[in-house]
Every structure is written in structure tokens, then in C-alpha cells.
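To keep things clear, I will list the structure first and then write my remarks on it.
The values are calculated or read from the model by the stated rules, or taken from the named source; none is laboratory data. Remember, it's a predicted structure, so these values are computed and weren't measured experimentally. We place every Cβ from the backbone using ideal geometry, glycine too, and count neighbours over all the protein chains shown.
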Amino acid sequence: MMTEFSPEGRGKNQHLIVVVDDLPSNLLYFNEALNGFGYQTITAQNGRDALEKISGVVPDLILTDVNMPEMDGYALCESVKGNEATKDVPIILVTAQDDRDSLVRGLETGADDFLIKPVNLSELQARVRNLLLVKDYRDHMKAYTVRLEAEVSARTHDLSNAVLELKSLNLQLKGSIQDTIQRLSVAAEFRDSDTAAHIWRMSHYAQVVAKTLGLRREEVENMLYASPMHDVGKIGTPDQILLKKGKLTPAEKKIMDEHTLIGERILSGSDHPLLVMAREVAGGHHEWWDGSGYPRQIRAEKIPRTARIVAVADVYDALTTKRVYKPAWTIDDAFDHLRDGAGTHFDPTCVGAILDSREDILEIQNGEQPVSQGVVLEDAE
């Protein structure tokens, strides 16, 4: 028997999830599972039914099937994301289609994550929990912004210019944080614990290289947050290729290489410096200095400098990390490989920068925060 939501029965800190599916058996399955996880639920039989039910109460998350009568999951995403009152509600699409075009279409209509049928309960719990954590953080930032603006507005007329400047900076910060977290939550589709550690290390390596090269402080700070999105395009790579343990065929390699262009597409549409940098990194981190890389075979300084920095950081961490198909290289062998690749694979100046920053690189590799060169490299929290 399904337990439906009632405002009177909702706990102060209890999340509300809308479950949308035209099959009663699926509604029962997801409803009982989510209730068992401690969440309140509302059920709906299609997208139109869901919109009617959330018109009076904004949920914390929507879990919806794709193929439904009257209004499918894609149309529901567009309606929810196009409504000012519900645009920040995260949406999980449940689909039997795991092809690249379907996943990209889901992203374009506003979906935040995907579950492929048949749905495993442990995966369902993890995806829901992670998206709710993101939403809670964003809600916290919104409340913080409102409080801050109220405090600033209470200042005297003599501080009016400072108030306007502070509001502008705060709105920029708010947009940057929300956009970044949203994009990273999408990339988490294919992340396991080992990849998460790789992301942490390589982003700090990239920041060290950027600092050593003399990039502006804002660029150095943005590098920490933009570099983890270098492989975000793999959201569109089929599982049988992305997770294949053996060598890829030429046709599979061509599809794998498309993750650079998919990443650019996902990150397009924003002129915020952080996302512009992330887009450059996603599209260019597999280009080679001598022009033999992909996807566009551009060379030398035509490759965005941000992408050249991430290429060095990414390869160094890949070499020095144990994988199922290889042991970890020694530090000296990894640095020698970068040195040998300078001028062919890598930008020589980026190689020089990582070699000159060896002490900081090793601190990061050991799980420490580098504090040399007079700068503290902050964590991406």
C-alpha cells in the first residue's frame, strides 16, 4: 500500500520526492523504496498529473519515467526547469535507453541525473541522496544570500555604493557556485571512489601548474574548479565502451574520443569565466602540442592554455596511479615521461612548470595541501 504525502505529516527536515510513472507496479516499487529510505513521496501517473500535484507544494526532487502518455519525462523536465518556482528542483530520469543521444537529450531538457532500468535499490538511494545534498547546499546558499542582502540593505545611505557592489559580487558568486555544482553532479554519473580521488589530485596539480606559470589569481582559483570537468562529456559514452577493460576497436575509439565534443556541448551557453574555462578544458585536453591529438588536431598555442595545463596534470596522475590494467609508475619515471613528451604531446612550458613544482606536486600526491610559493591552495568544498 502506497503512503501518500500530507503536509501535516511532513517532518521539519524530511525531504519530499515526486515519483512519476504510468505503471502502477513501478510507482509502488519506487514509492515503497523511497519511504523505506525515510523520504516523503507524492505519486503521479504522467507529467501533466505531476505538474498539477506540485502546483501547491514544491518538492525537493522529482524521479520520473521517460516514456509516458499525455506528457513524457522530457516535457516534464522542460516545464519544471522553465518555471521560476521549480527550476532548482533536481530531476532524475528513469529510462531503459542508455544511448548517448537519449542521455544528451535528457541533459538539454534539464535532467540532473539518470537511472537505467532495471534500477538497483542501492544505486537509487545513492543518486537520490547525492542530489538532495546538492539541493540542500544550494538552498543554504540562497538563504545565506537573502540574509546577507537584508543586512547590507540595512546599512546607511553613505554606504549605498558599497551595497550595490557587494550585491553584484554576491550574485556572481551565487551563480558560479550553483552552476559549478550542478555541472559536477551530472559528471558524477560515471564516478567511482578511485575516479573521485583522481579528480581531487589532478585538479590540485593543475592549480599548482597554473600558479607556477604566473596566471592571474582568479584564473588560478578557477582552475581548481574547472579542471575536474575535463571528462564530463563521458556522460554520453556508452557503458560497453566506457567500462571496457580490453583494448578499444578503432570504431569504439572514435566514439570514446567524442567525449571532448560532448563535454563542450554540455558546458556551452554560459559566459561566466569559470564555465568558459571548463569548456576549454573539456574540448582541448586531448589535443597534442604537435597537432596529432583530437578532436580538432590543433597545435601549439592554438590549444587553449587551460587545456594544455590540464593535459599535463591529468597524464601525471594517470601514470602514477595504479589501475586494473597497469601498476603505478614511479614518480621519477612519470616526470621523465612528461619531459620526453615536451614539444610533441605536451606544451614545454607546462612541463617545465610541473617539474619546477615537484615539491608541491608530491605534497598533493601524499594527500596534503601545498602551502609553498606564498599561496594556500584551497579545497573544492
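Checking 344, 349 one by one, the residue that is modelled with pLDDT of 95 or more, among the hydroxyl-bearing types (Ser, Thr, Tyr), in contact with a Phe, Trp or Tyr (Cβ under 8 Å, 6 or more places away or on another chain) and surrounded by 12 or more Cβ atoms within 10 Å (Cβ to Cβ) is 344 and no other.
Looking at region 27-138, the strands (runs of 3 or more DSSP E) lying wholly inside it that each contain 1 or more residues that are at pLDDT below 90 and in the same structural domain as residue 17 (by TED's automatic domain parsing) sit at 91-95, 113-116.
For region 281-292, the tally of residues that are buried (at least 17 other Cβ atoms within 10 Å of the Cβ), part of a loop (DSSP other than H, G, I, E, B) and touching a residue at least 40 places away in the same chain (Cβ under 8 Å) stands at 3.
So is residue 73 closer than 24 Å to residue 256 by Cβ and in contact with a Ser or Thr (Cβ under 9 Å, 6 or more places away or on another chain) or not? Criteria not met by residue 73.
Against the list (1) surrounded by fewer than 20 Cβ atoms within 10 Å (Cβ to Cβ); (2) touching a Ser or Thr at 6+ places or on another chain (Cβ under 6 Å), the condition residue 104 fails is (2).
No other residue among 328, 318 is part of a loop (DSSP other than H, G, I, E, B), of a type in the set (A, V, I, L, M), out of contact with any Phe, Trp or Tyr (no Cβ under 6 Å at 6 or more places or on another chain) and more than 25 Å from residue 273 (Cβ to Cβ) apart from 328.
Scanning region 97-129 for residues that are closer than 18 Å to residue 242 by Cα and not basic (Lys, Arg) returns 97, 98, 99, 101, 102, 103, 104, 113, 114, 115, 116. Taking residue 304, is it buried (at least 18 other Cβ atoms within 10 Å of the Cβ), outside the structural domain of residue 112 (by TED's automatic domain parsing) and modelled with pLDDT of 90 or more? Considered against the rule, which asks whether it is buried (at least 18 other Cβ atoms within 10 Å of the Cβ), outside the structural domain of residue 112 (by TED's automatic domain parsing) and modelled with pLDDT of 90 or more, residue 304 comes out as yes. For region 229-241, a residue qualifies if it is over 13 Å from residue 103 (Cα atoms) and surrounded by 17 or more Cβ atoms within 10 Å (Cβ to Cβ), and the qualifying residues are 229, 230, 231, 241. Restricting region 307-322 to residues that are free of Cβ contacts under 8 Å to residues at least 60 places away in the same chain and not small (Gly, Ala, Ser), the residue that is surrounded by the fewest Cβ atoms within 10 Å (Cβ to Cβ) is 322.
Contact map, region 235-264: first residue touching a residue at least 12 places away in the same chain (Cβ under 8 Å) and among the hydroxyl-bearing types (Ser, Thr, Tyr), second residue assigned to a helix (DSSP H, G or I) and surrounded by 12 or more Cβ atoms within 10 Å (Cβ to Cβ), Cβ cut-off under 7 Å, separation 6 or more or different chains; pairs are 237/100; 237/255; 237/256; 237/259; 260/233; 260/282; 260/283.
Filtering region 73-93 down to residues that are among the hydrophobic types (A, V, I, L, M, F, W, C) and buried (at least 16 other Cβ atoms within 10 Å of the Cβ), which residue is farthest from residue 106 (Cα to Cα)? Step by step, filter region 73-93, then rank; the result is 89. When residues in region 265-280 are screened for being in contact (Cβ under 8 Å) with a residue 24 or more places away in the chain and of a type in the set (D, E, K, R), 2 of them pass.
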